[in-house]
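Laboratory data are not the source of any read-out in this text; all were calculated from the coordinates shown. What you see is a predicted model; the values in this text were computed from it and never measured. Neighbour counts are summed over all protein chains in view; Cβ atoms, including those assigned to glycine, are modelled from backbone coordinates with ideal geometry.
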Amino acid sequence: MPVETPLSAHAPFPTGLDPAERARAGAALRARLEPLLPADALRFDDEELAAYECDGLTAYRQRPLAVAIPSDETEVAAVLRACHALRVPVVARGAGTGLSGGALPHPAGVTLSLARFTKILAIDPVAATATVQAGVRNLAISDAAAAHGYFYAPDPSSQLACTIGGNVAENSGGVHCLKYGLTLHNVRRVRGFTAAGEPVEFGSLAHDAPGLDLLALVVGSEGMLAVITEVTVKLTPKPVTARCTLASFPDIESAGRAVAAVIAAGIVPAGLELMDRRMTAAAEAYVHAGYDLDAEAILLCESDGTPEEVEEEIARATAVFAASGATRFETSRDEVQRLRFWSGRKNAFPASGGLSPDYLCMDSTIPRKRLAEMLLAIQAMESTYGLACVNVFHAGDGNLHPLILFDASDPDQMRRAEAFGADVLETSVRIGGTITGEHGVGVEKLNSMCVQFSDAERAQFLAVKRAFDPAGTLNPGKVIPTLARCAEHGRMHVHRGELRFPELPRF
């Protein structure tokens, strides 16, 4: 099935190619790109392209015409100018850890890998900033800043591998985003290039920049507005001490209510995460974190600051948990145990691989006070769709990550998993939330965008896209669904109890 592009009425490039067309287009592209990059920076052979055919959303795959791996900004600009002249789509790629298909290649386009942009350019302990290239790993920033007493606060579970450029594209969060904010709140400046290869910069090294706040627009734009090459981030002083408390609950509803109660009590922990019983068991078997396997749900609540502040916050939080029905508490004795507690949460996704051949990791956000209601709704969906779901949430800020377990080799299970995921997203909207949290829209949530936003709102999104990329060559077919797609989704919209969701595109 051809890739649908929301700009198909405005962009001349094809959305799908037959073998003969692909060969001709590939030859023309090779002739244009080979003079611009060293031989080891280009990939054209099918075997080499296979490594780039998907991101972390492995259910959807498509090989690009070519992969370009530039080493500096001059080469990035040259590739973009060449592709712009040919009206060839470009999809920027970091580490490929994204979970919504944001880095899925275009079948008639170039995947532009920033894998060689790995330099930490400057650590400024006075300004408390780090300037790094887009391919620098998230955790590498904290490692470099540690000698100066700082760390980079946003910490996605994939922080060992994910890149700061990808974090900016998706506005990634992590377990500490409750207290320290998402990527948006920790970025000062972004440098990159437009689709036409022109240099562009957003934000500044100061705490504010003149004019429109375009930095907030670019963060989370999923590679649709510019190709990011350099980022300046805010560094946070490392707390004097940090301790993590595990709280066990007899049912998942009381754990959900406890989350809302903690925030309502004026407590803002450094992290507040929820895991249900099946997820806890999988994580415990994977890393031996020391979790309570008898609990139906556990909360991980981290307090940081001075020793006195930490002790006071732990006492207040555990009192709230007890009042909410918690049956057991354990607070880390030392740093080794604290990191072990978190290791289970950080490895929740790979641990789920032991439960099922495949899983669909959803990502939505709801008001905290509706958390218990949403958990019960997900339990009901398990019966509706005949599939199991394990839950791990950034509970403190209402960001949900239900993992729907299925076998992708079974088309019927795949169809039911997609329907289950769509139900999670649309239920989130219905109770006052949103279809996104930190994974972006990509291709996974195109249909759900039709539920979240009106025709007029999606037209505004498209107008912003056109202002930055008039030809529509940067990451087409993502994020903004066409009017036709939304009309079709409306005609085939789910009737509770019937699997009548339209399928996601098959690439």
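The table below gives the values:
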| read-out | value |
| --- | --- |
| More than 23 Å apart - percent of Cα-Cα pairs taken over the stretch 186-300 | 56 percent |
| For the chain, convex hull of alpha carbons as volume per residue, Å³ | 144 Å³ |
| Reachable lysines from residue 234, criterion Cα separation under 16 angstrom, eight or more residues apart if same chain | 179 |
| Convex hull of the stretch 141-191 built on C-alpha atoms - directionally averaged projected area, nm² | 3.7 nm² |
| Spin-label model distance (nm) - residue 24 vs residue 48, 7 Å beyond Cα toward Cβ | 2.5 nm |
| Chain lengthening between residue 431 and residue 379 when straightened (0.36 nm per residue, less Cα-Cα) | 17.1 nm |
| Crossing angle, helix 455-468 versus the chain [Cα axis fit, 0-90 degrees, rounded to tens] | 60 degrees |
| Three-way shape label, the stretch 241-350, alpha-carbon gyration tensor, a/c 1.5 | oblate |
| Spatially proximal aspartates and glutamates relative to residue 445 (Cα-Cα < 14 Å; intrachain offsets below 8 disregarded) | 4, 170, 222, 363, 418, 423, 426, 503 |
| Degrees between helix 252-264 axis and first principal axis of the chain (Cα, 0 to 90, nearest 10) | 90 degrees |
| Cβ-defined net charge surrounding residue 293, 9 Å radius [Lys, Arg +1; Asp, Glu -1] | -2 |
| Prolate/oblate/rounded label for the stretch 324-481 (Cα gyration tensor, a/c 1.5) | prolate |
| FRET efficiency estimate (nearest 0.05) - Cβ-Cβ, residue 147 to residue 61, R0 41 angstrom | 0.50 |
| Neighbour count of at most 10 Cβ within 10 Å plus DSSP loop: longest trypsin sites (Lys or Arg not before Pro)-free window in the chain | 1-332 |
| Neighbour net charge for residue 199 - beta-carbon separation under 14 angstrom, K R +1, D E -1 | -3 |
| Rounded tilt (10° steps) of 307-323 against the dominant C-alpha axis of the chain | 80 degrees |
| Ranking of 120, 141, 228 by count of other Cβ atoms within 10 Å, fewest first | 120, 141, 228 |
| For the stretch 418-446 and the stretch 388-415, distance of Cα centres in Å | 12 Å |
| Residue 265-residue 327 pseudo-label distance in nm [points 7 Å out on the Cα-to-Cβ vector] | 2.0 nm |
| 17 Å cut-off, amide nitrogen to a point 7 angstrom out along residue 119 Cα→Cβ, residues in the stretch 132-158 | 132-137, 141 |
| For the chain, cysteines whose Cβ has no other cysteine Cβ within reach (under 4.7 Å) | 54, 83, 162, 177, 244, 301, 361, 389 |
| Percentage relative contact order, the chain, counting C-alpha pairs under 8 Å, at least six apart | 16 percent |
| Fully extended contour minus Cα-Cα distance, from residue 71 to residue 212, at 0.36 nm per residue | 47.6 nm |
| Whole-number percent relative contact order across the stretch 120-237, with pairs defined as alpha carbons under 8 Å at least 6 apart | 31 percent |
